[in-house]
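This report refers to the structure that appears directly beneath it.
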Amino acid sequence: MPNPLLHIKNLSVDFITDGAVTKALKNIDISVNCGELLAIVGESGSGKSVTSLSILQLLPSPPAKYISGEICLSVADETINMLQIPREQLQSIRGNQVAMIFQEPMTSLNPVLTCGFQVMEAIRQHNPINVKEATKKTVSLFEQVKLPDPENMFHRYPHQLSGGQKQRVMIAMAMSCEPSLLICDEPTTALDVTVQKNILQLIRELQIQNQMGVIFITHDLSVVAEIADRVAVMYKGEIVEQNTALKIFNSPQHPYTKALLACRPLLHPKGERLPVVSDFMEVDEKGEVVEKLGVGSLESGVIENARLLSQDFKLLTVSGLKVHFPSAKTFLGKVTAYTKAVDDVSFDVFEGETLGLVGESGCGKSTLGRAILRLIDATDGEINYKGIDLLKADSSKLKALRKDMQIIFQDPYSSLNPRITIGDAIAEPLMVHAIVTNRKDRKDKVIELLEKVNLRPEHYQRYPHEFSGGQRQRIVIARALALQPSFIICDESVSALDVSVQAQVLNLLNDLKKEFGFTAIFISHDLSVVRYISDRIMVMNKGKIVETGTAEQVYDNPQNAYTQRLIASIPKTTS
């Protein structure tokens with residue numbers, strides 16, 4: 001048997017900060033062969049990215065410290081240990097023999113340089129060719145990754161491209177020197193299902209064409225089922241299970257793997273409580289994982305729907321709503337063209353229901369949600385909430401309605417002030433609307449809200465950066481519920497969460513909806529999540545609503561060609 005392309009042997013990594021030691025990796029042992037795709041899955045904090053960054057020695061040291069192990073890479077019939085080679089040799093390997101696609105292309109691309117220049121720079125770093133030849137190769141790479149109008153894309157800046165296009169530029173850059181090993185760190189997180197499908201097909205095609213080894217890091221098990229040859233499951237810095245993709249999905253052995261597979265909303269009918277990791281396992285006093293008995297007979301715990309099937313009361317009516325943004329102006333500032341983000345949209349929302357709103361990035365979902373709440377101005381139309389036209393309401397009436405209409409934003413970190421504690425962040429709307437004027441009563445109310453979203457009273461004094469992504473999402477949910485609103489818009493509120501954390505948040509939203517009885521619009525590009533949580537679904541494309549129906553009708557029997565394409569793009573997995 002020839003040596004594997006990459007073999008990580010007994011790798012242990014600690015992070016040392018202020019004298020405290022965090023064991024990030026514990027005796028990791030994995031290998032990748034030429035032409036093989038290894039998927040590494042696990043929740044945030046399990047050690048997936050630390051493993052990938054260790055291969056290219058991209059972890060800052062300090063605080064990172066390699067305690068033990070080897071990272072052996074086969075290069076030109078020679079095996080080298082990446083932990084022991086000099087910096088000059090390491091620089092020649094990075095981007096050349098081993099390339100990496102990072103999770104967020106916007107932060108990985110330089111905003112002041114054109115996309116073509118950045119790819120060309122990577123090519124010339126490792127190949128002695130002139131600018132003309134590098135330009136030609138870059139345009140060819142853009143064609144290979146199926147970017148539209150490659151020559152024009154060469155001269156564009158990152159902000160002028162969509163999320164999917166930026167990710168393709170990153171793939172072109174990673175492939176520019178024809179690496180032997182490609183590391184993909186969450187390359188499709190938060191991308192639309194159609195864009196995600198195209199990116200996955202592209203990576204698979206390039207892998208087969210170049211016989212690359214690929215390490216694909218993700219928390220999306222549906223993606224893993226589509227493309228992986230083998231799967232390694234990580235939990236708290238350890239590999240707890242490793243096998244072929246077929247065996248992992250059809251016959252998982254470790255309780256953590258079983259839990260991850262069971263948490264997916266796609267496998268559960270609407271209203272059934274999603275299982276979470278703690279249903280399958282627990283950690284004993286020695287720190288060892290213990291499988292809970294009787295998991296196979298977990299009760300479904302059906303969540304009662306607060307909404308009555310009879311649609312008696314229209315809480316919100318949107319009629320002919322338009323939101324147009326200027327896209328071109330003359331030298332004197334006269335607008336000559338508009339982008340029609342929301343184009344003549346009409347629909348009703350009934351009291352107590354959850355209305356799902358789905359579509360690709362740029363279709364106008366978030367713009368529609370923000371226009372309803374008057375966070376951005378509408379160009380034309382009518383928004384009638386409880387008999388009041390919001391577009392004609394004065395500022396005093398709008399302020400009074402603000403406490404009745406709330407929004408949960410997609411990125412909880414950017415919607416929380418990093419300089420104030422989460423207790424003060426949740427208490428702020430209570431102060432603004434003079435709901436609870438006494439300081440002690442206000443704190444008691446905030447602690448009550450924290451407990452409702454499964455956080456602890458001691459979290460009151462902590463800052464946003466001290467929480468995980470799932471915990472921060474719970475914080476913004478608590479803040480949205482502080483004023484006990486009748487209507488909430490959830491804007492991509494679970495898009496970037498791990499499957500197990502996503503299950504917890506979806507269960508929480510269902511529980512709180514039952515307790516508080518609010519009405520919701522749930523915006524997402526993930527149709528499987530929308531199907532699970534929504535009563536009805538609206539599909540949006542290019543600023544227009546193209547299809548509306550019950551969750552079952554839209555998901556199981558789509559009528560519009562665009563909806564059919566979205567459904568077809570959802571990765572199908574074994575159950």
>> Given the options Ala561, Ala503, Ala520, name the one that is hydrophobic (A, V, I, L, M, F, W, C) and within 16 Å of Glu351 (Cα to Cα).
In response: Ala520
> (1) touching a helix residue (DSSP H, G or I) at 6+ places or on another chain (Cβ under 9 Å); (2) in a helix (DSSP H, G or I); (3) surrounded by fewer than 17 Cβ atoms within 10 Å (Cβ to Cβ); (4) touching a residue at least 12 places away in the same chain (Cβ under 8 Å): which one isn't true of Glu451, the others all being true?
Replying inline: (4)
>> Need the failing condition index for Leu368 against (1) in a loop (DSSP other than H, G, I, E, B); (2) touching a strand residue (DSSP E or B) at 6+ places or on another chain (Cβ under 9 Å), just the number.
In response: (1)
>> Need the failing condition index for Asn27 against (1) assigned to a loop (DSSP other than H, G, I, E, B); (2) surrounded by fewer than 18 Cβ atoms within 10 Å (Cβ to Cβ); (3) among the polar types (S, T, N, Q), just the number.
In response: (1)
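Answer yes if at least one residue in the stretch 375-386 is over 27 Å from Leu506 (Cβ atoms) and at pLDDT below 85, and no otherwise. Don't jump to the end; show me each part of the working.
Initial filter on the stretch 375-386 (over 27 Å from Leu506 (Cβ atoms)): 376-384, 386.
Remaining after also requiring at pLDDT below 85: none.
The answer is no, given that none of the residues of the stretch 375-386 is over 27 Å from Leu506 (Cβ atoms) and at pLDDT below 85.
Only one residue in Ile215, Ile199, Ile239, Ile227 is within 24 Å of Glu178 (Cα to Cα) and either modelled with pLDDT of 90 or more or of a type in the set (D, E, K, R) (or both). Which one?
Values: Ile199 fails: either modelled with pLDDT of 90 or more or of a type in the set (D, E, K, R) (or both); Ile239 fails: within 24 Å of Glu178 (Cα to Cα); Ile227 fails: either modelled with pLDDT of 90 or more or of a type in the set (D, E, K, R) (or both).
Within the list Ile215, Ile199, Ile239, Ile227, the selection yields Ile215.
Of all the residues that make up the stretch 454-473, how many are open to solvent by less than 20 Å² (accessible area, probe 1.4 Å) and under 21 Å from the mean Cα position of the chain (by Cα)?
First, pick out the residues of the stretch 454-473 that are open to solvent by less than 20 Å² (accessible area, probe 1.4 Å): 455, 459, 464, 467, 470, 473.
Still in the list and also under 21 Å from the mean Cα position of the chain (by Cα): 464, 467, 470, 473.
Qualifying residue count, the stretch 454-473: 4.
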>> Tell me yes or no: at least one residue of the stretch 83-104 is open to solvent by less than 40 Å² (accessible area, probe 1.4 Å), aromatic (Phe, Trp, Tyr) and touching a residue at least 24 places away in the same chain (Cβ under 8 Å).
In response: no
> Taking into account only those residues within the stretch 335-351 that are more than 12 Å from Leu321 (Cα to Cα) and not charged (D, E, K, R), which is least open to solvent (accessible area, probe 1.4 Å)?
Replying inline: Val349
> Under the condition of being touching a residue at least 40 places away in the same chain (Cβ under 8 Å) and over 26 Å from the mean Cα position of the chain (by Cα), which residue from the stretch 49-63 is most open to solvent (accessible area, probe 1.4 Å)?
Replying inline: Pro62
> Of all residues in the stretch 145-164, which are open to solvent by less than 70 Å² (accessible area, probe 1.4 Å), out of contact with any Gly (no Cβ under 7 Å at 6 or more places or on another chain) and assigned to a loop (DSSP other than H, G, I, E, B)?
Replying inline: Val145, Leu147, Pro148, Leu161
> Does Asp343 satisfy the criteria of being out of contact with any Pro (no Cβ under 8 Å at 6 or more places or on another chain), closer than 29 Å to Val554 by Cβ and free of Cβ contacts under 8 Å to residues at least 40 places away in the same chain?
Replying inline: no
> Is it fair to say Pro128 is within 26 Å of the chain's Cα centre (by Cα) and surrounded by fewer than 20 Cβ atoms within 10 Å (Cβ to Cβ)?
Replying inline: no
>> Pull out all pairs, ordered by first then second residue, where Cβ-Cβ is under 6 Å, the residues are six or more apart or on different chains, the first lies in the stretch 218-245 and is on the phi > 0 side of the Ramachandran plot, and the second is assigned to a strand (DSSP E or B).
In response: Gly237/Lys23; Gly237/Ala24; Gly237/Leu25; Gly237/Lys26
> Which of the residues belonging to the stretch 376-416 are within 21 Å of the chain's Cα centre (by Cα) and of a type outside the set (A, V, I, L, M, F, W, C)?
Replying inline: Gln410, Asp411, Pro412, Tyr413, Ser414, Ser415
>> With the requirement that a residue be open to solvent by 50 Å² or more (accessible area, probe 1.4 Å) and either of a type in the set (Asp, Glu) or on the phi > 0 side of the Ramachandran plot (or both), what does the stretch 64-80 give you?
In response: Glu70, Ala76, Asp77, Glu78
> Which condition does Thr339 not pass, out of (1) closer than 23 Å to Gly164 by Cβ; (2) not in a strand (DSSP E or B), if it passes all the others?
Replying inline: (2)
> Which pairs do you get when a residue that is under 18 Å from Thr519 (Cα atoms) and of a type outside the set (D, E, K, R), found in the stretch 385-397, comes within reach of a residue that is open to solvent by 60 Å² or more (accessible area, probe 1.4 Å) and in a helix (DSSP H, G or I), reach meaning Cβ atoms under 6 angstrom, with the pair 6+ apart or on two chains?
Replying inline: none
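Look at the stretch 536-575 and say how many of its residues are in contact with a Lys or Arg (Cβ under 6 Å, 6 or more places away or on another chain) and at pLDDT 90 or above. First the steps, then the outcome.
First, pick out the residues of the stretch 536-575 that are in contact with a Lys or Arg (Cβ under 6 Å, 6 or more places away or on another chain): 540, 543, 550-551, 555, 569.
Now drop any that are not at pLDDT 90 or above, which leaves 540, 543, 550.
Residues that pass the stated criteria total 3.
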>> Pairs please, first residue from the stretch 1-27 and touching a residue at least 40 places away in the same chain (Cβ under 8 Å), second anywhere and acidic (Asp, Glu) and not in a loop (DSSP other than H, G, I, E, B), Cβ atoms under 7 Å, 6+ apart in sequence or on different chains.
In response: Ile8/Asp29; Lys9/Asp29; Lys9/Glu70; Asn10/Asp29; Lys23/Asp14; Ala24/Asp14; Lys26/Glu238
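The values are calculated or read from the model by the stated rules, or taken from the named source; none is laboratory data. Keep in mind the model is a prediction, meaning the values are calculated, not measured. All Cβ positions, even for glycine, are placed from backbone atoms using ideal geometry, and neighbour counts span all protein chains on display. In case anyone asks, the SASA skips ligands and DNA or RNA and just uses the protein heavy atoms, side chains included. Shrake-Rupley method; radii C 1.70, N 1.55, O 1.52, S 1.80 Å.
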